[in-house]
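K.L.:
This is the structure, below, for whatever I ask next.
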Amino acid sequence: MRIPWRTREYERTCGGCGYVWLAPRWAVHPPMQGLPIKGGYEVKAVVAHNAELAEEASAFLVCAKCGSVHYTQRRV
């Protein structure tokens, strides 16, 4: 169920060149998978999955135009 007031995207503005891009909520707050106390997940699979998510989210951390990591963001 979608909650109407919950942020779905963030608008990021580069501090260097002023370029604007959208970052989805999952990239701003990646849903990392935790490790259970007993059984369930294999540690290597969980680590690999979390690394994959972090790599996908890192594309939204830098300005596509100038490569700067300095930006401001606001909810849209």
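K.L.:
Which residue pairs have Cβ atoms closer than 8 Å, lie 6 or more positions apart in sequence or on different chains, and pair a first residue in the range 49-65 that is within 15 Å of Tyr10 (Cα to Cα) with a second residue that is among the hydroxyl-bearing types (Ser, Thr, Tyr)?
P.N.:
Taking only residues 6 or more apart or on different chains, the pairs are Val62/Ser68; Cys63/Tyr19; Cys63/Tyr71.
K.L.:
Among what's in the range 1-47 and is aliphatic (A, V, I, L, M), modelled with pLDDT of 85 or more and outside any helix (DSSP H, G or I), pick the residue that is surrounded by the fewest Cβ atoms within 10 Å (Cβ to Cβ).
P.N.:
Out of the qualifying residues, it is Val20.
K.L.:
Moving to a separate point now. When residues of the range 9-24 are filtered for being farther than 16 Å from Val76 by Cα and aliphatic (A, V, I, L, M), how many remain?
P.N.:
Residues that pass the stated criteria total 0.
The values are calculated or read from the model by the stated rules, or taken from the named source; none is laboratory data. Keep in mind that what you see is a predicted model, and the values were worked out from it rather than measured. We place every Cβ from the backbone using ideal geometry, glycine too, and count neighbours over all the protein chains shown.
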